[in-house]
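The values are calculated or read from the model by the stated rules, or taken from the named source; none is laboratory data. Computed from a predicted structure; not experimentally measured. Quick reminder, even Gly has a Cβ in these numbers, built from the backbone with ideal geometry, and neighbours come from all protein chains shown.
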């Protein structure tokens with residue numbers, strides 16, 4: 001691989017979507033049929049799918065319903081229309097969802113103190129949805145448990161206890177949807193990939209907006225205003241912090257004043273996407289704290305080599321283990337502090353699951369949406385550096401469909417690929433579709449955003 005170095009290059013204007021993709025009602029219907037078929041193959045007689053504000057993705061994937069304030073529960077029994085249980089505030093809002101279901105008022109799910117005058121017991125509503133004694137019920141929450149989870153077994157579920165007690169014994173069936181190899185949500189069609197690219201464009205553009213205008217003396221809140229967020233639903237709280245708080249990565253912006261030479265980090269997650277960057281609020285090494293003038297050479301150069309290797313290894317037929325090995329060959333030293341999976345699947349939830357770990361034989365296949373997510377945490381004055389963006393994998397047939405049905409998306413993808421190839425020197429397989437308007441651009445010094453890493 002050519003050596004990473006700093007170059008001067010202007011990031012192209014890739015544009016923003018002018019058409020918002022949508023998932024058709026027929027797709028939701030097919031997803032429900034396929035999910036029940038998979039459940040039956042696992043010996044399950046029925047499914048209950050839980051959702052709330054933080055864990056909306058599974059219910060939303062099956063119905064289009066994205067709960068806002070309350071819990072929700074989708075009850076799926078073969079031969080019956082699924083029942084979607086919603087609280088007071090979800091009752092009207094659920095009419096916007098396109099999936100086939102019978103809407104059922106469950107005032108137990110309403111917020112504390114709200115009216116309960118039309119309430120039926122939750123056990124009655126579950127029985128009316130088709131749950132009967134003796135059925136083997138699979139529960140889909142948002143987490144699967146493994147042998148490493150102390151005491152875990154098939155009865156562990158992350159449903160709230162009041163729901164679990166009303167249902168009775170259940171089997172954790174979350175893997176039906178999110179398993180990184182066999183989960184039904186792991187493979188996406190053209191419409192779903194288009195919604196992810198739509199979100200990724202706006203999430204990444206928010207970070208570009210900050211990089212183009214951030215200045216010392218701004219408060220973190222003032223810098224975050226530069227993001228220009230447009231109201232699309234967020235997958236996580238917006239993050240931006242500088243100085244001592246930056247090392248924690250996750251803080252929301254505050255009134256702390258950003259100082260020249262301080263470490264900075266930021267991230268924006270929108271349903272279906274997340275982009276993140278980290279560096280120093282500096283114009284060059286002369287602005288860095290004493291003792292780390294070699295920041296680029298010591299940390300950023302090997303890091304960019306690792307991320308470039310991740311992108312160049314990414315291909316249909318490669319494995320999660322291949323991605324892991326490609327990254328760790330460059331930054332496996334303990335100094336870099338890479339402890340989380342260097343990459344994962346992404347959906348409406350920012351982290352769905354991950355096929356990327358040491359020795360993983362899970363193959364990467366067409367339709368996957370993946371997150372380049374390689375985070376060093378040195379625990380030193382060198383702080384960190386970060387490229388985090390989303391990509392899709394699409395074979396020739398899927399690429400042709402995207403190009404025909406979503407020409408704006410395809411134009412952005414083509415321009416991003418050209419930039420990554422011709423300017424950054426990263427060679428992508430034909431099937432790799434970059435979704436981010438940052439397109440792997442990494443400026444170590446945020447006061448010089450046109451100074452970016454490239455392979456030369």
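Annotations for the structure displayed:
- Failed item, numbered, when residue 143 is tested on (1) in contact with a strand residue (DSSP E or B) (Cβ under 7 Å, 6 or more places away or on another chain); (2) part of a loop (DSSP other than H, G, I, E, B); (3) closer than 28 Å to residue 351 by Cα: (1)
- Residue among 426, 452 that alone is outside any loop (DSSP other than H, G, I, E, B), in contact (Cβ under 8 Å) with a residue 40 or more places away in the chain and on the phi < 0 side of the Ramachandran plot: 452
- The numbered conditions (1) touching a helix residue (DSSP H, G or I) at 6+ places or on another chain (Cβ under 8 Å); (2) without any contact (Cβ under 8 Å) to a residue 12 or more places away in the chain; (3) more than 30 Å from residue 362 (Cα to Cα) are all true for residue 165 except (1).
- Filtered residue count, the stretch 330-354, keeping only those that are part of a helix (DSSP H, G or I) and surrounded by fewer than 23 Cβ atoms within 10 Å (Cβ to Cβ): 4
- Within the stretch 238-255, the set of residues being closer than 17 Å to residue 282 by Cβ and surrounded by fewer than 21 Cβ atoms within 10 Å (Cβ to Cβ) comprises 243, 244, 247.
- Those residues of the stretch 440-451 which are closer than 18 Å to residue 310 by Cα and either over 25 Å from the mean Cα position of the chain (by Cα) or surrounded by fewer than 24 Cβ atoms within 10 Å (Cβ to Cβ) (or both), in sequence order: 442
- Residue selected from the stretch 394-408 under the condition touching a helix residue (DSSP H, G or I) at 6+ places or on another chain (Cβ under 9 Å) and not in a helix (DSSP H, G or I), by the criterion farthest from residue 347 (Cα to Cα): 406
- In this structure, residue 139 does satisfy being surrounded by 13 or more Cβ atoms within 10 Å (Cβ to Cβ), under 25 Å from the mean Cα position of the chain (by Cα) and at pLDDT 95 or above.
- Residue among 48, 104, 59 that alone is touching a residue at least 12 places away in the same chain (Cβ under 8 Å), out of contact with any helix residue (DSSP H, G or I) (no Cβ under 7 Å at 6 or more places or on another chain) and not assigned by TED's automatic domain parsing to the domain that holds residue 231: 59
- Scoring residue 278 on the criteria (1) surrounded by 23 or more Cβ atoms within 10 Å (Cβ to Cβ); (2) in contact (Cβ under 8 Å) with a residue 60 or more places away in the chain; (3) under 25 Å from residue 189 (Cβ atoms) leaves a single failure, condition (3).
- Here residue 398 fits the description: under 21 Å from residue 320 (Cβ atoms) and assigned by TED's automatic domain parsing to the domain that holds residue 208.
- Matching residues in the stretch 355-390 - criterion: being closer than 22 Å to residue 208 by Cα, in a loop (DSSP other than H, G, I, E, B) and in contact with a helix residue (DSSP H, G or I) (Cβ under 6 Å, 6 or more places away or on another chain): 376, 385
- Exactly one residue among 182, 174 is without any contact (Cβ under 8 Å) to a residue 12 or more places away in the chain, surrounded by 13 or more Cβ atoms within 10 Å (Cβ to Cβ), under 15 Å from residue 353 (Cβ atoms) and within 28 Å of the chain's Cα centre (by Cα), and that residue is 182.
- Screening 396, 369 for residues that are surrounded by fewer than 24 Cβ atoms within 10 Å (Cβ to Cβ) and on the phi < 0 side of the Ramachandran plot leaves exactly one candidate, 396.
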